[in-house]
Amino acid sequence: MRVVFRADASAVIGHGHVMRCLALAGALKELGAECVFVSRPGGEAAATAIGAAGVPLHLIDAAENDQRADVAATSAALGCRPDWLIVDHYRLDAAWETAIADEVGAVMVIDDLADRPHHCQLLLDQNWHDSPVVRYAGLVPAQCETLFGPEWALLRPEFAAARSQLRPRRSEVVRILVCFGGADAPNATGQVLQVMGELGRRVELDVVVGAGNPHQAGLLDLCAGLPQAHLTVGARDIAQRMLAADLFIGAGGSMTWERACLGLPGITIAIADNQLALSRRLAEAGEGVDLGMLSGDALARLPAVLESMLADPVQVQGMGAALARRCDGWGASRVAQRLYGLRAS
């Protein structure tokens with residue numbers, strides 16, 4: 001089976017689209033599939049990750065808002081007709097998918113916004129919604145198969161492997177993982193570290209940023225001034241870091257399901273609108289604390305929230321245990337098997 005992925009990454013949109021597609025590509029390769037990525041330039045760190053996974057990458061020259069040029073460029077990069085074209089892109093919709101449909105066996109869409117129509121045979125939304133069928137009503141064809149919820153979350157295999165090592169966490173919060181994803185354009189990492197103050201003397205801060213983070217120099221200076229803070233750029237062992245941590249501070253993006261797999265509770269501060277709803281729902285369910293969108297108010301509230309969690313580690317442990325029931329880490333394998341099953345049928 002031959003599968004082409006259409007996903008982009010940049011300092012503005014982050015690396016989440018590419019990284020979850022890479023997780024699915026890995027599961028497909030385990031089943032014998034040939035995988036290829038098609039992307040616009042701009043996500044150098046994501047391109048490096050694609051290359052490290054041994055997956056070919058074709059860069060296309062198309063303006064971000066020109067769907068017609070994007071279709072033409074993607075079509076030229078397809079090569080021989082793929083069995084599946086998998087699209088993970090907020091700016092592409094049914095018009096784009098319809099225009100390229102005749103050149104591929106079938107189209108799968110990965111989405112979580114439910115804000116535009118799609119022309120596809122399979123749609124995946126890995127987030128938690130009360131009524132996902134209602135959310136996508138009228139946005140997908142009647143015959144489209146849908147996969148909803150975190151049981152389908154696209155995680156790399158190291159997370160399921162690390163879950164098998166999961167043990168009850170410490171009876172106190174000793175180590176905090178601070179991570180706002182691969183890009184962190186607004187430098188939420190730096191803003192959070194600036195308000196940590198004396199708290200940094202009481203806990204170990206494991207600060208992780210992506211290789212493409214543009215704020216590295218300033219973050220190095222900040223961490224140098226915070227006792228027990230250590231900065232890692234482009235960490236390749238994030239699953240093990242999550243196992244070692246007692247608490248997380250970061251965004252509510254695709255890392256949410258990585259944390260869920262490993263039962264790591266967190267304080268979330270959104271750096272994109274599409275992160276808000278899920279973080280709020282998990283907080284309402286008692287599976288974390290959500291401070292909303294990155295703002296002066298959210299940063300001002302962070303020290304008091306963190307102090308309360310440091311003072312109540314039993315509550316933190318309970319949040320992690322509840323979160324761990326959401327996701328087991330095998331979603332990518334399930335989706336890969338479904339793609340093969342649909343092809344056979």
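The values are calculated or read from the model by the stated rules, or taken from the named source; none is laboratory data. Worth saying up front: this structure is predicted, and the values here are computed from it rather than measured. A quick note on method: Cβ atoms are made from the backbone with ideal geometry, for glycine too, and the neighbour counts reach across all protein chains shown. Calculation scope for accessible area: heavy atoms of the full protein, side chains included, ligands and nucleic acids excluded. Shrake-Rupley method; radii C 1.70, N 1.55, O 1.52, S 1.80 Å.
So residue 80 clears everything in (1) surrounded by fewer than 20 Cβ atoms within 10 Å (Cβ to Cβ); (2) in contact with a helix residue (DSSP H, G or I) (Cβ under 6 Å, 6 or more places away or on another chain); (3) within 19 Å of residue 108 (Cα to Cα) except one condition, right? Which one?
(2)
Taking residue 41 as meeting all but one of (1) closer than 16 Å to residue 336 by Cβ; (2) without any contact (Cβ under 8 Å) to a residue 24 or more places away in the chain, write down the number of the exception.
Residue 41 satisfies all of (1) closer than 16 Å to residue 336 by Cβ; (2) without any contact (Cβ under 8 Å) to a residue 24 or more places away in the chain except (1).
Does residue 26 satisfy the condition of being assigned to a loop (DSSP other than H, G, I, E, B) and among the small types (Gly, Ala, Ser)?
Numbers: assigned to a loop (DSSP other than H, G, I, E, B): no; among the small types (Gly, Ala, Ser): yes.
In short, no.
Closer than 20 Å to residue 335 by Cβ and either in a strand (DSSP E or B) or without any contact (Cβ under 8 Å) to a residue 60 or more places away in the chain (or both): does that describe residue 6?
Numbers: closer than 20 Å to residue 335 by Cβ: yes; either in a strand (DSSP E or B) or without any contact (Cβ under 8 Å) to a residue 60 or more places away in the chain (or both): yes.
The answer is yes for residue 6.
Which is closer than 26 Å to residue 10 by Cα, among the hydrophobic types (A, V, I, L, M, F, W, C) and modelled with pLDDT under 90, of 251, 235, 188, 211? Please lay out each step first, then the result.
Values: 251 fails: modelled with pLDDT under 90; 235 fails: modelled with pLDDT under 90; 188 fails: modelled with pLDDT under 90.
None of the other options fit; the residue is 211.
Of all residues in segment 295-316, how many are assigned to a helix (DSSP H, G or I) and open to solvent by less than 80 Å² (accessible area, probe 1.4 Å)?
At the first step, the residues of segment 295-316 found to be assigned to a helix (DSSP H, G or I) are 296-310, 313-316.
From the residues that got through so far, the ones that are open to solvent by less than 80 Å² (accessible area, probe 1.4 Å) too are 296, 298-300, 302-310, 313, 316.
Qualifying residue count for the region: 15.
So that you can scan it fast, the table gives a plain yes or no per residue for (1) under 21 Å from residue 111 (Cβ atoms); (2) of a type in the set (Ser, Thr, Tyr); (3) open to solvent by less than 60 Å² (accessible area, probe 1.4 Å):
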| residue | (1), (2), (3) |
| --- | --- |
| 16 | yes, no, yes |
| 20 | yes, no, yes |
| 27 | yes, no, yes |
| 37 | yes, no, yes |
| 53 | no, no, yes |
| 56 | no, no, no |
| 64 | yes, no, no |
| 70 | yes, no, yes |
